[in-house]
Amino acid sequence: MPLKYNQIGAMIKTAQRSLSIALITVALAGCKNTTDTEPATCSPPATLVAQAPCESGYTGVLLIASDYKRTTGPNQLVYSIYPQKDTLSDDYTKSAYANFSDDRIIISETVLKDAPKFAVQVTINCSGKLVESQFFAFVKRPTASPGCYVWALQKKG
């Protein structure tokens with residue numbers, strides 16, 4: 001018994017639907033959620049330490065960045081410095097200083113202008129995309145040694 005045109009058309013539509021479903025299933029099976037299964041290949045510093053002259057032996061503030069991942073691009077970080085007029089300020093609108101370096105940089109006391117607090121944001125180049133760290137805020141604290149102080153990381157509350 002020969003097939004009618006309507007029956008042939010229906011069979012073709014069914015075959016197309018089955019093929020489409022099969023292709024979608026294969027495509028979805030090949031997809032991975034990289035944020036859940038693979039570690040980040042590039043991320044800005046998660047830790048920043050500020051050492052005063054009595055700690056580091058350098059004039060100015062020695063910043064040491066760590067806990068970051070680089071891609072195969074440029075190996076420099078950009079440090080943006082935001083001196084604050086008092087320890088309660090959180091004005092991060094305009095940096096007073098920005099410079100490239102590796103995981104260590106010395107910031108001159110003239111940049112800080114005797115500020116009791118400063119904030120730092122570190123930017124890393126992730127294969128052409130600039131990714132910024134959180135802001136790290138440091139407050140000047142006296143020590144038992146005359147003329148010495150430390151830069152204490154200010155915890156967000």
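The values are calculated or read from the model by the stated rules, or taken from the named source; none is laboratory data. Note that the structure is predicted; figures quoted are calculated from it, not measured. Positions of Cβ are backbone-derived with ideal geometry, glycine not excepted, and every protein chain shown enters the neighbour counts.
The set of residues in the range 105-119 being touching a Leu at 6+ places or on another chain (Cβ under 8 Å) and among the hydroxyl-bearing types (Ser, Thr, Tyr) is empty. Can you tell me which residue is surrounded by the most Cβ atoms within 10 Å (Cβ to Cβ) among those in the range 29-52 that are of a type in the set (S, T, N, Q) and modelled with pLDDT under 85? Out of the qualifying residues, it is THR41.
The residue that is modelled with the highest pLDDT, counting only those in the range 67-95 that are small (Gly, Ala, Ser) and more than 12 Å from GLN121 (Cα to Cα), is SER89. GLU55 fulfils the conditions (1) modelled with pLDDT under 90; (2) assigned to a helix (DSSP H, G or I) except for a single criterion, (1).
Within this structure, ASP86 passes the test of being more than 19 Å from TYR58 (Cα to Cα) and in contact (Cβ under 8 Å) with a residue 12 or more places away in the chain.
Where strands (runs of 3 or more DSSP E) fall entirely within the range 66-157, those with at least 2 residues that are in contact with an Asp or Glu (Cβ under 8 Å, 6 or more places away or on another chain) and surrounded by 18 or more Cβ atoms within 10 Å (Cβ to Cβ) are at 77-84, 117-126. Taking the residues in the range 100-157 that are touching a Ser or Thr at 6+ places or on another chain (Cβ under 8 Å) and among the acidic types (Asp, Glu) as candidates, determine which candidate is nearest to PRO44 (Cα to Cα). Per the stated criteria, the residue is GLU132.
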